Amino acid sequence: MPTRVLLTGASGFIGGHLLAALCERGIPVRAMFRQAGALQAVGRQVETVTADLLDPPALARACADVNLIIHCAGHAHAHGATAADARHHFETNLVGTRNLGDAAVAAGVSRLVFLSSVKAVGAPGAECVAEDWPHPPETPYGRAKREAEAALREIAAEHPLEIVILRPAMVYGPGSRGNLERMARGIRAGWFPPLPETGQRRSLVHVDDVVAAVLCVMADERAVGHTYFVAHPQAHSGAELQAAIRRALGLAPQRWHVPQGVLRTAGRLGDWLGRLSGRRFPIDGEVLARLLGPECYDPAAIYRDLGWQARVSLANGLAGLFRGAGE
């Protein structure tokens with residue numbers, strides 16, 4: 001096990017859960033923040049450091065006297081990204097990650113675990129794909145993550161730095177603010193349309209399982225040099241997700257659904273209104289593609305190599321996420 005861990009992105013959603021887990025296990029951790037600020041209580045005193053990924057001297061100080069880095073920091077993926085978002089993805093997710101890798105080498109760090117994303121590959125379509133899916137990423141976020149992976153591999157090929165890359169699917173859990181939470185708000189408000197069953201499945205993973213995957217690879221020699229999808233082995237359709245959220249909220253099941261054709265027409269209308277108004281509508285073509293279309297990633301490799309498998313079921317994960325929300 002590492003003698004000291006540098007955790008970047010410690011104030012983020014996944015980083016915050018990782019910080020708590022490392023502290024609970026008594027692993028010395030240095031939490032890195034982009035801006036100075038008070039650390040939330042996590043049960044014990046934690047060493048902190050302020051450093052920006054675009055500030056090499058600050059990264060050198062952050063990496064001093066650590067032997068493992070867990071790299072969670074980055075510019076988050078967002079739908080409807082702007083040109084400014086694309087620039088931030090390039091600067092933070094690619095250049096910043098390369099800077100961190102260089103600082104790790106200079107400081108003599110042994111291993112770096114990089115939390116990339118399934119968006120580092122192209123959309124799978126109807127298939128449930130493995131890590132070697134050849135289609136290139138389609139978004140600025142995905143391209144920056146993929147290029148950051150390549151940059152770290154180049155650094156590891158030339159220096160004694162062990163690299164492990166994890167690509168989580170959509171992550172949810174306490175503290176998340178993603179698609180499931182937006183869907184739940186719409187369901188509670190009564191405007192979210194009852195989805196038809198398309199049979200198209202999408203992968204997700206609970207944040208506790210992501211933490212378990214990081215803890216698994218940070219000390220296992222078999223993980224070195226590998227890239228793994230991190231997802232629950234059971235993927236779900238949009239209709240299944242909606243039904244599971246209703247159960248978690250204590251709501252009765254829907255007895256009817258809106259036909260796909262009607263929903264897609266509503267999505268096109270949302271696109272048109274968005275162009276006219278300059279702001280996004282709750283239902284547009286991009287949202288409908290996520291709700292009705294497939295995006296499945298096969299996590300068999302990490303189970304085969306390391307024995308890791310996601311354990312938190314959708315029902316249990318949503319119950320924890322929305323506990324008390326339906327009361």
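The values are calculated or read from the model by the stated rules, or taken from the named source; none is laboratory data. All values derive from a computational prediction rather than experimental measurement. No Cβ is skipped: glycine too gets one built from the backbone with ideal geometry, and neighbour counts run over all protein chains shown.
Summary of values
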| read-out | value |
| --- | --- |
| Selected residue (criterion: farthest from the chain's Cα centre (by Cα)) from residues of segment 136-193 that are charged (D, E, K, R) and within 18 Å of Tyr297 (Cβ to Cβ) | Glu138 |
| Residue count, segment 187-197 (criterion: surrounded by 15 or more Cβ atoms within 10 Å (Cβ to Cβ) and either at positive phi or modelled with pLDDT of 90 or more (or both)) | 5 |
| When residues of segment 283-312 are limited to those that are over 22 Å from the mean Cα position of the chain (by Cα) and not charged (D, E, K, R), the one surrounded by the fewest Cβ atoms within 10 Å (Cβ to Cβ) | Gly285 |
| Listing of helices (runs of 4 or more DSSP H) fully contained in segment 255-327 that carry 3 or more residues being touching an Asp or Glu at 6+ places or on another chain (Cβ under 6 Å) | 260-277 |
| Where a residue in segment 157-186 is under 20 Å from Leu215 (Cβ atoms) and buried (at least 22 other Cβ atoms within 10 Å of the Cβ) and its partner, wherever it lies, is polar (S, T, N, Q) and at pLDDT below 90, with Cβ under 9 Å and at least six apart | Tyr172/Asn179 |
| Which numbered condition Val109 misses (of (1) part of a helix (DSSP H, G or I); (2) buried (at least 23 other Cβ atoms within 10 Å of the Cβ)) | (1) |
